[in-house]
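Please treat every number below as a calculation from the coordinates, not as lab data. In this text, all values refer to a predicted model and were calculated from it rather than measured experimentally. Ideal geometry is used to build each Cβ from the backbone, glycine not excepted, and the neighbour counts take in all protein chains shown.
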Amino acid sequence: MLVLCASPALWSCNTAIDTSAYDAAVQASKDHQAKYQIIDDTIIQGYLKRHNYTAADYQRTASGLYLVTLTAGTGTQVTAGKQISVKYTGKYVSKAVENTVFDTSDNAPSKSFDYTVGITSLIEGWKEGVSLMRQGDRKLLLIPSYLAYGPSGYGPIPPDTPILFDMQIVTVSP
């Protein structure tokens, strides 16, 4: 009889899952992003100042992405499902390496990157920026690290690095 009464109590002890390590990792990630929101914004603001862009020259989205219009397009708005062709050059934003190109569509056979919006996997800053463009637009997208490659980096892009893309939407097709 004693064994039967004790068994349910033992079973219930094994049902609790310790999530403290997971919770700590999630909090550390949130803290890291909050820290880099401030750092990246300072770096991007420095870039804008060095290149004499004023608040009238750029748009800052709620996510922290900056867009500087170089040429205003008049064509079709980029929306999900559209096939687009983009010419781009990716560079670093930090003063010490800002003229360093880490990627360009000039290396592609067609000299552009063609893809379907919403289907192709891209960094968040690129996706958000392109969604605010139309055919003929040429804009600088200044992307904070947390909307780019974050704390892991990617290829030649070090961890926690804000980047920029000089982008032109060449075509927008149905």
Task: Anchor K30: lysines whose Cα lies under 30 Å away (excluding residues fewer than 8 positions away in-chain) - done: K49, K91, K95, K127, K139
- [ ] Go ahead and run the numbers for FRET between A108 and D57, Cβ-Cβ distance against an R0 of 45 Å, rounding to 0.05.
- [x] 0.95
Open item on the list: If you take Rg/Rh (Cα atoms, Kirkwood Rh) from the coordinates, which of [x] 0.94; [y] 1.23; [z] 1.07 do you get?
Closed with: [y]
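Full extension from V101 to A28: what is 0.36 nm times the residue separation minus their Cα-Cα distance, to one decimal in nm? Before the final figure, lay out each step's value.
Working: separation 73, 0.36 × 73 = 26.28 nm, distance 3.14 nm.
Length gained between V101 and A28: 23.1 nm.
Between R134 and S20, how high is the FRET efficiency from 1/(1 + (r/R0)^6) when r is the Cβ-Cβ distance and R₀ = 41 Å? Nearest 0.05.
Details: r = 48 Å, r/R0 = 1.18.
Working from the Cβ atoms, E equals 0.25.
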Open item on the list: Helix check for the chain. Which DSSP H runs span at least 15 Å along their own axis by Cα, with a mean Kyte-Doolittle hydropathy no less than 1.0?
Closed with: 2-13
- [ ] Please give the FRET efficiency for T42 paired with T89, using the beta carbon to beta carbon distance and R0 = 30 Å, rounded to the nearest 0.05.
- [x] 0.80
Task: Relative packing of peptides 31-39, 83-91 - highest average C-beta neighbours within 10 Å first - done: 83-91, 31-39
